[in-house]
Every structure is written in structure tokens, then in C-alpha cells.
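The values are calculated or read from the model by the stated rules, or taken from the named source; none is laboratory data. Being a predicted model, the structure only gives us computed values, none of them experimental. Here the Cβ positions follow ideal geometry from the backbone for every residue, glycine too, while neighbour counts run over all protein chains shown. Heavy atoms of the whole protein, side chains included, go into the accessibility calculation; ligands, DNA and RNA do not. Shrake-Rupley method; radii C 1.70, N 1.55, O 1.52, S 1.80 Å.
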Amino acid sequence: MIHYHGLPITPATACAEVITARHAFISFQHPEQAEIAMEVAQTFAVDNGAFTAWKKGRPIKNWAPYYDWVESVKTHPAFDWAVIPDVIDGDEIANDDLLAEWPHEKWEGVPVWHMHESIERFYNLCHEWPRVAIGSSGAFTKIGTPQWWGRMTAALNEVINEKDQPPCKLHGLR
């Protein structure tokens, strides 16, 4: 398992100490420590910032600046992957539309399955993408509750093979 340390971490000296030779998760909403991550982290992934914007009541409508930012960092040797834009409390159609809009290579992007969406969508994403992120949402927002564990168990039981392995890499958000 790879643990990506979410940035920012303050002060910057602590950030450098924490992520040196480790893995960093840089948010588009808080890119101020991107240079530190690119210099000292073993690898880094980038987040679209949708959750932060959603929590502030200002969901992102124009993803072009994020796509441009991904374009500017994806050739860095430590770049691992980028979270594809998503609508936190949206429906599957809205999120599938954003997948279709993704302008980068499939291996560079990671779609988000929101736990309030259908398990069928989770199954399809896991069989179409090399990595899928899981976002706690809807009735499953609070991580670790019996409802959350039940939903997670049901979803994983749909995709794991006879060796208890998923067909792709999985990344838990938050």
C-alpha cells in the first residue's frame, strides 16, 4: 500500500521532512507546496480539489485550468497520477461526462467512484481503468460506520477475484 501525504503541511520545513522519499498528494486548490513535493518526494499524485470546493459551497464548473495544470506536471519523473474531475454529490451521468472530457492518457487519470453511486458503476470503472479512487459520499460520508463498512464490503465483493484481488489498483480518498 502507498500512503500519499496530503499537502499542505505547515511549516514548509515540516512538509519537506515528512515527504522526503515518500509520496505526496497535491491539491489543485492548494498547490503552494508542489515544488517541494517535486523536489523531495519519491512520487506525487494530484487531486482536482473538487472536495475542497464542494465543502466551501463553490463547486468547480470550469476544469480547463486543472487540465492545464496536470499537463504542466505530468511529465515530471515523480508524477504518478491525477484524480479526474468529479461532482461530489452528482449523479453517475455527470461524473461519466467528466470522464469522457478527460484530455489526458487513461493511465494518467484516476476516476472517482462515489459510494452513493451504483456498485455496477464501481464494477465498470474497475474493469475499464488501471486505478479507481473511492470517495465516501451520501449515506456513506462518515468513514468507519457500520453503513460505510457494509457498502465497502458489498462493493469489493463485486470486483475481487478468486484470489481476493481487485482488477485494478484502488485509492481511498480522505
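In the stretch 3-63, Rg over Rh equals 1.03, where Rg is the alpha-carbon radius of gyration and Rh the Kirkwood radius from pairwise Cα distances.
What length, rounded to one decimal in nm, is gained on full extension from Cys168 through to Glu120, with 0.36 nm per residue of separation minus their alpha-carbon distance? Walk me through the intermediate numbers first.
Numbers: separation 48, 0.36 × 48 = 17.28 nm, distance 1.52 nm.
Stretched out fully, the Cys168 to Glu120 stretch lengthens by 15.8 nm.
What trypsin sites (Lys or Arg not before Pro) does the stretch 97-171 have in DSSP loop regions with at most 16 other beta carbons within 10 Å? Numbers along the way, then the final one.
Values: sites: Lys106, Arg121, Arg131, Lys142, Arg151, Lys163, Lys169; in loops: Lys142, Lys163.
Sites meeting the loop and neighbour criteria: Lys142, Lys163.
Helix content alone sets the calculated 222 nm mean residue ellipticity of the chain: runs of n ≥ 4 DSSP H residues at -39500 (n - 2.57) each, divided across all residues, give -10500 deg cm²/dmol. Taking amide hydrogens as placed 1.01 Å from N in the peptide plane, the amide H of Ser27 sits under 5 Å from those of Leu7, Asp47, each at least 5 positions away in sequence or on another chain. Taking amide H as placed 1.01 Å from N in the peptide plane, the amide H of Ala82 sits under 5 Å from that of Val46, Gly109, Val110, each at least 5 places away or on another chain.
Legend: P(r) of the stretch 17-174 from all alpha carbon pair distances, 10 Å bins from 0, whole percents, reading 10, 38, 36, 15, 0. Scalar couplings 3J(HN,Hα) for the stretch 134-143, obtained by applying the Karplus form with A = 6.51, B = -1.76, C = 1.60 to θ = phi - 60°, are 10, x, 6, 7, x, 5, 10, 5, 7, 5 Hz; x denotes Gly and Pro. For Tyr4, no residue has an amide H sitting under 5 Å from its own, ignoring neighbours fewer than 5 places away on the same chain, with H placed 1.01 Å from N.
Please state the relative contact order of the chain as a whole percent: Cα pairs under 8 Å, 6+ residues apart? Numbers along the way, then the final one.
Working: 274 pairs, mean separation 24.0, N = 174.
Taking the mean separation of contacting Cα pairs over the length of the chain, I get 14 percent.
Once the stretch 50-136 is represented by equal point scatterers at the alpha-carbon sites, with solvent omitted, what log10 I(q)/I(0) does the Debye formula produce at q = 0.17, 0.21 Å⁻¹? Treating every Cα as an identical point scatterer, log10 I(q)/I(0) equals -0.71, -1.07.
Length available on full extension from Asp96 to His127: 0.36 nm per residue minus the Cα-Cα distance, which gives 9.7 nm.
Once the 1.4 Å probe is applied to the protein heavy atoms, the stretch 1-145 comes out at 50 Å² accessible per residue. For the stretch 57-69, backbone phi angles converted through the Karplus equation (6.51, -1.76, 1.60; θ = phi - 60°) give residue-by-residue couplings of x, 10, x, 6, 10, 10, 8, 4, x, 5, 4, 5, 5 Hz, Gly and Pro being listed as x.
Derived scalar couplings between HN and Hα for the stretch 91-106 equal 9, 5, 5, 4, 6, 5, 4, 5, 5, 5, 7, 3, x, 10, 5, 4 Hz in order, rounded to whole Hz, by the Karplus curve 6.51 cos²θ - 1.76 cosθ + 1.60 (θ = phi - 60°), x for Gly and Pro.
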